[in-house]
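The values are calculated or read from the model by the stated rules, or taken from the named source; none is laboratory data. Just so it is clear, the structure is predicted and the values come from calculations on it, not from any experiment. Here the Cβ positions follow ideal geometry from the backbone for every residue, glycine too, while neighbour counts run over all protein chains shown.
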Amino acid sequence: MPRYSYGGQALIEGVLMRGRDALAVAFRHPDGRIVYATERLDSGFHGSRWAKMPFLRGLIVLYETLIVGTRWLVRSASLQAAGSGEEGEESVELGKGSIALMLGLTLLAGVGIFFLLPLLIASVTTANIDNGVVQHLVEGLIRVAIFIGYLLLISQAADIRRVFQYHGAEHMTIHALEAGETLVVENVRKYPTAHPRCGTEFLVVVIALSIVAFSLVGRQEPLVMIGSRIALIPVIAAVGYEILKWGARHRANPIVRTIMYPGILVQMITTKQPTPDMIEVAIVSMEQALQADGESVPEGSAQFPRDPLELPGTSTKGEAAAATAVTIDPPLPGA
C-alpha cells in the first residue's frame, strides 16, 4: 500500500491520478489505444510549509486542483476532437492566459449560480417574513435544490454520463489500491464507485457549511449580504477541506459515516458503473502515477499496452524527479 493517499479526477475519455510529487493522466484515444503522460507537481506552493498548514493547505490544494484540472480537461477534449491521431494533432494547446480566463469565467458563473442566485430568490420570497433564520434556511434549501438539479440535468447528457463512468472507475481503482489489491479489472470492479475523499463530497460539505456561516451574518443590507457570500467562500472552502480529511480518516466510526452519508448519496449522481475498458484506463493512470512517485506498482497488476502522449509540459519518464516541471500549475488529493 502506498504511503500517500492518491486522488484523481475524471476527464473526457480519461482519468487523472495525483500522487505525492507528480500526476499521471491516461486516455482512451479515439483509435482505441491507451495513451498516457506524467507531470511533476510544482505550483510554487507544493511541498512548502504553507501547503502543510491546516486550513491554508485546503486553499492551496483547491488552487492546484482547479488549475491542473481545467488544463487537462481542455487537453482531453482536444485529444478526442483530433480523432485521427495523426502527428501534430494531439498537441493542440491553449495558453496560460486562455486557461486562466476560462477558469475565471467558470468561477464567476459558479459563484453567481450557486451562491448569489439562492440569496436573491430567498430575499424576494421571504421579504415579508421578519425572521432572518427563515431566510437563511430558505436560501440554503434553494442552494441544495439548484446544486442537485444541476447535477441531475447534466447527467442526462451522454458525454457527461461517460465522464461520470470514468469518475467511478477512478474511485474504484483508488479503493483497490488502498485495499492492497493487485490492479486488475476483476479486482477493481468489486469496489464501489463512491469514495469518501471525493470532490463531490467536498461540495456537499461546503453547501452545508454555507448554511451555517451565512446564518451568522444575519439579515443585512443587500450589498453586505452579497459581499459576505463572496468573502466567506474561501473560509468555508478551507474549513470544508479539513472536515473532508477528518471524515475520511474516521470513516470507520458509524457516527462519522452517518454525518458524511449525504456526500455518498450525491455521488450516486456523479459516479456511474464503468465499463471494463474504462477501468483499464484508470489502472494505467494509477500505475503511471505510482511509478512517477517512485512507488511500486502492486505485484501482479495488469500491464495494459500504452503509448506516451506527447504534449508541451508533460513527460513519460518513470520518476517524478525526471518529469518536466510545470511552474504555474499544479487535483483534491484523495478522489
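Of note:
- Pick from the stretch 101-147, criterion of a type in the set (Gly, Ala, Ser) and over 15 Å from Glu221 (Cα atoms), ranking: surrounded by the most Cβ atoms within 10 Å (Cβ to Cβ): Gly140
- Long-range neighbours under 6 Å by Cβ, at least six apart or interchain, first residue more than 19 Å from Thr270 (Cβ to Cβ) within the stretch 1-12, second modelled with pLDDT of 85 or more and acidic (Asp, Glu): Pro2/Glu295
- The stretch 174-192, residues that are more than 14 Å from the chain's Cα centre (by Cα) and among the β-branched types (Val, Ile, Thr): Thr182, Val184, Val185, Val188
- Test: Glu170 is surrounded by 22 or more Cβ atoms within 10 Å (Cβ to Cβ) and under 20 Å from the mean Cα position of the chain (by Cα): yes
- Among (1) under 17 Å from the mean Cα position of the chain (by Cα); (2) outside any helix (DSSP H, G or I); (3) polar (S, T, N, Q), the one test that Gln156 misses: (1)
- Residues that are closer than 18 Å to Pro274 by Cα and among the basic types (Lys, Arg), drawn from the stretch 173-218: Arg189, Lys190
- Of the helices (runs of 4 or more DSSP H) contained entirely in the stretch 175-249, those carrying at least 3 residues that are hydrophobic (A, V, I, L, M, F, W, C) and within 28 Å of Leu11 (Cβ to Cβ) fall at 199-217, 222-249.
- A Cβ distance below 7 Å, combined with a sequence gap of six or more or placement on separate chains, defines the contacts here; from the stretch 184-210, residues that are farther than 15 Å from Leu244 by Cβ reach residues that are crowded, with 22+ Cβ neighbours inside 10 Å and among the small types (Gly, Ala, Ser) in the pairs Asn187/Ala176; Val188/Ala176; Tyr191/Ala176; Thr193/Gly168.
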